[in-house]
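Asker: Would you mind keeping the following structure in view while I ask a few things?
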Amino acid sequence: MVVDKNYCMSSFLMYRTLADKSKQFKKGIITNIPKISYERTGVSTSSELEQVLKARVAQATGDGKAAIALSGGIDSAILAKFMPEGSTAYTFKCVVPGVKVTDETEAAAKYAAECGLKHKVVEVYWEDFEKFAPRLMAHRNAPIHSIEVQIYKAALQAKSDGFERLIYGESSDAMFGGLSGLMSQDWLIGDFIDRYSYVMPYKVLKDAQMVLEPFKRHEQDGYIDPHEFISTELFPESAGSYIDASEAANFGVELPFSHTYLKGSLDYDRIRNGENKYLVRGIFKSLYRGFKVPEKMPMPRPTNEWLKDWVGPTRPEFYPHCTDGMSGDQKWLVMSLEMFLNQIEA
């Protein structure tokens, strides 16, 4: 292991993870990055995908100790159809006092009613971030993605209700072409780096590095295939957040979509004509006749509202005012990095 703090800070800002696992923030701080090492099944049709998902849910629910995290989207709605009747579904609801923010509980309640599930809401507040983020960072030995706090709190709730694992619809987007913006065109490598990177390190850090190895691995003739990049580079980082936060709560997690991959080429024409995740959409339409396919949304987290008055980092590694004009999600990554640096030096 090599101590390279500037590399680690820059990599986290660009990718939300360490691209080079042999680097570390500080001597003795070994980052715990979950590995997706299990065997996965290639699928090329909606029916093949449905069979794998149904089998994974059946296996996870066989002992009656599993619940499902149910959002307003199609991925978890599909899995809900395979849950035993009477199972429990949890929906996250972020709360900003006095402000109306994205709320998936109404849509999720309709799916729960359709599937005969008990529906419970897990309310998430900014105070939960203040309380749980340090625990999660200590477990991971790294700064964290904002969704981990919600996953951790849901794990604690489900655990107190007597469950041993939660089932999530995670990995569908990365595996089957769900991120329409990134799929929208053929990308020159430089343009893709600009579009994909969460926060450019040189905008924030005085001693920034451009961590380009993950992009270069997928460059061919000056272009990057976005599906190849996302299903290879984004997938383990995104799924790892669910695994990591659940492990921190000493709780189980099942990600049925992560046990699959797309066999063959992605049909970019279908996606660019408005039919993203067409294999997944096919399953949803067959299971929920009469339901409208909802628009794709990330897991709600009102970082714009929570962090609107944050003045930015004050540590010497950062430029003053570097978060001025950033989105809430970008601000969180910078805040998370500063919190972690403070934590490991405390």
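The values are calculated or read from the model by the stated rules, or taken from the named source; none is laboratory data. Note that the structure is a prediction, hence the values are computed from the model and not measured. Neighbour counts are summed over all protein chains in view; Cβ atoms, including those assigned to glycine, are modelled from backbone coordinates with ideal geometry. In case anyone asks, the SASA skips ligands and DNA or RNA and just uses the protein heavy atoms, side chains included. Shrake-Rupley method; radii C 1.70, N 1.55, O 1.52, S 1.80 Å.
Asker: State the number of residues belonging to region 172-182 that are crowded, with 21+ Cβ neighbours inside 10 Å and not in a helix (DSSP H, G or I).
Answerer: Residues meeting the conditions: 2.
Asker: Can you give me the ranges of the strands (runs of 3 or more DSSP E) entirely in region 30-130 with at least 1 residues that are open to solvent by 50 Å² or more (accessible area, probe 1.4 Å), in contact (Cβ under 8 Å) with a residue 12 or more places away in the chain and farther than 23 Å from residue 301 by Cα? So that I can check it myself, show each step before the final result.
Answerer: Numbers: elements: 41-43, 66-69, 88-94, 118-124.
Output list reads 41-43, 118-124.
Asker: For residues in region 164-180 being within 16 Å of residue 53 (Cα to Cα) and of a type in the set (Gly, Ala, Ser), which is nearest to the chain's Cα centre (by Cα)?
Answerer: The qualifying residue nearest to the chain's Cα centre (by Cα) is 171.
Asker: From the residues in region 263-296 that are under 23 Å from residue 224 (Cβ atoms) and within 19 Å of the chain's Cα centre (by Cα), which one is surrounded by the fewest Cβ atoms within 10 Å (Cβ to Cβ)?
Answerer: Here the answer is 296.
Asker: Oh, and also: Which residues, counting only those in region 237-262, are aromatic (Phe, Trp, Tyr) and open to solvent by 40 Å² or more (accessible area, probe 1.4 Å)?
Answerer: 261
Asker: Of all residues in region 240-276 being part of a helix (DSSP H, G or I) and touching a strand residue (DSSP E or B) at 6+ places or on another chain (Cβ under 9 Å), which is nearest to residue 21 (Cα to Cα)?
Answerer: Pass one, region 240-276, residues part of a helix (DSSP H, G or I): 240-248, 256-259, 268-272.
Going one step further and asking which of them are touching a strand residue (DSSP E or B) at 6+ places or on another chain (Cβ under 9 Å), we end up with 242-243, 245-247, 256, 259.
On the way: 242: 19, 243: 17, 245: 19, 246: 21, 247: 19, 256: 26, 259: 23 Å.
Top of the filtered list is 243.
Asker: Taking the condition assigned to a loop (DSSP other than H, G, I, E, B) and basic (Lys, Arg), does residue 281 pass?
Answerer: So residue 281 does not fit the description; no.
Asker: Just to check your reading of the model, which residue among 209, 185, 157 is buried (at least 16 other Cβ atoms within 10 Å of the Cβ) and in contact with a helix residue (DSSP H, G or I) (Cβ under 9 Å, 6 or more places away or on another chain)? Before the answer, list the steps.
Answerer: Numbers: 185 fails: buried (at least 16 other Cβ atoms within 10 Å of the Cβ); 157 fails: in contact with a helix residue (DSSP H, G or I) (Cβ under 9 Å, 6 or more places away or on another chain).
When all the criteria are applied, what remains is 209.
Asker: From the list 286, 246, exactly one residue is among the hydroxyl-bearing types (Ser, Thr, Tyr), within 30 Å of residue 5 (Cβ to Cβ) and in contact (Cβ under 8 Å) with a residue 12 or more places away in the chain. Which is it?
Answerer: The conditions single out 246.
Asker: Looking at the structure I just gave you, is residue 78 more than 28 Å from residue 332 (Cβ to Cβ) and in contact with a Leu (Cβ under 8 Å, 6 or more places away or on another chain)?
Answerer: yes
Asker: For residues that are outside any helix (DSSP H, G or I) and in contact (Cβ under 8 Å) with a residue 24 or more places away in the chain, scanning just region 1-23, find the one that is farthest from residue 232 (Cα to Cα).
Answerer: Applying the filter and picking the extreme gives 3.
Asker: Now for a separate question. Within region 297-346, can you find the residues that are in contact with a Leu (Cβ under 9 Å, 6 or more places away or on another chain), open to solvent by less than 20 Å² (accessible area, probe 1.4 Å) and either part of a helix (DSSP H, G or I) or farther than 23 Å from residue 140 by Cβ (or both)?
Answerer: Scanning region 297-346 gives 322, 328, 332, 333, 334, 337.
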